[in-house]
Amino acid sequence: MSSPHQSGAESGFTLLEIMLAISILGLVVAMVTVALSGSINAIDATLKQGEISFQAQVAMERISEDLSSALLTQDWEFIGEQGTSTGDQGILLSFSSLAHLVFDPENDSPGMARVSYAVQSDPNHDGHLVLLRSDVLQRPREEGNENNEVDAYILANQLRSVRFTYHDHTGTQQESWDTTVQDGDEEAAAKRRLPAAVTCRLEFWRNKEEERTTVFQTSVLLPTGLIQGKPEEE
């Protein structure tokens, strides 16, 4: 008995079908990649914003506690500058405060401290600033020892600008504040007082390449400044 005769081509994929399948697969992979890339970028942006918000919260709480505990003494002045958006290092704010942080209880103790805030350029990120805070127990001035440098720690980074403004007891805004009085100027000495409030504005880089930033701002009342600022009764 003879085998049945098979007619037509053997079953299989043609080159055109294979190329079409590859094209469809490439299109699907591309769509999945775009979707995942968008999700990853969204996650990165959310994490970045969360990191910035946490830094801002910590910095604002620290600044608020320091300023709300500020005191004006005969030996030390309250000196505040407006702020900076450049990398030039400098002290923006320096004052006496009862908000001294004790990191080493065995060798340190609570008390009145000289608190200073300064900015400098971030050596690891071009165009970024870091905000520094120093805190040292206040001691009587020693002859020729007024400008001793103290250790400072980074309170916030990824900053584009830092700005402080000052308000007197009438609500008038000042760009700077300095309680220093020249010797013999009794009239100025009688008006020597702390600001009634200080506003702090921190601008963080959210995306430097796209020039996008996030701004946080808070105003802190200084109780001793408000008391000193009350007009004298006739």
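The values are calculated or read from the model by the stated rules, or taken from the named source; none is laboratory data. Just so we're clear, the structure is a prediction, and the values are computed from it rather than from any experiment. Note: ideal-geometry Cβ built from the backbone for every residue, glycine included; neighbour counts use all protein chains shown.
So which residues in segment 91-106 are surrounded by fewer than 16 Cβ atoms within 10 Å (Cβ to Cβ) and closer than 20 Å to ILE154 by Cβ?
ILE91, LEU101, VAL102, PHE103, ASP104
Can you tell me which residue within segment 175-209, out of those that are within 24 Å of GLN57 (Cβ to Cβ) and part of a loop (DSSP other than H, G, I, E, B), is modelled with the highest pLDDT?
Filtering segment 175-209 for residues within 24 Å of GLN57 (Cβ to Cβ) gives 195, 197-208.
Within this subset, residues satisfying the condition of being part of a loop (DSSP other than H, G, I, E, B) are 195, 208.
Values: PRO195: 95, LYS208: 87.
Only one residue tops the list, namely PRO195.
Please go through segment 58-81 and pick out each residue that is over 15 Å from ARG133 (Cβ atoms) and either of a type in the set (A, V, I, L, M) or surrounded by fewer than 15 Cβ atoms within 10 Å (Cβ to Cβ) (or both).
Matches in segment 58-81: LEU71, LEU72, THR73, GLN74, ASP75, ILE79.
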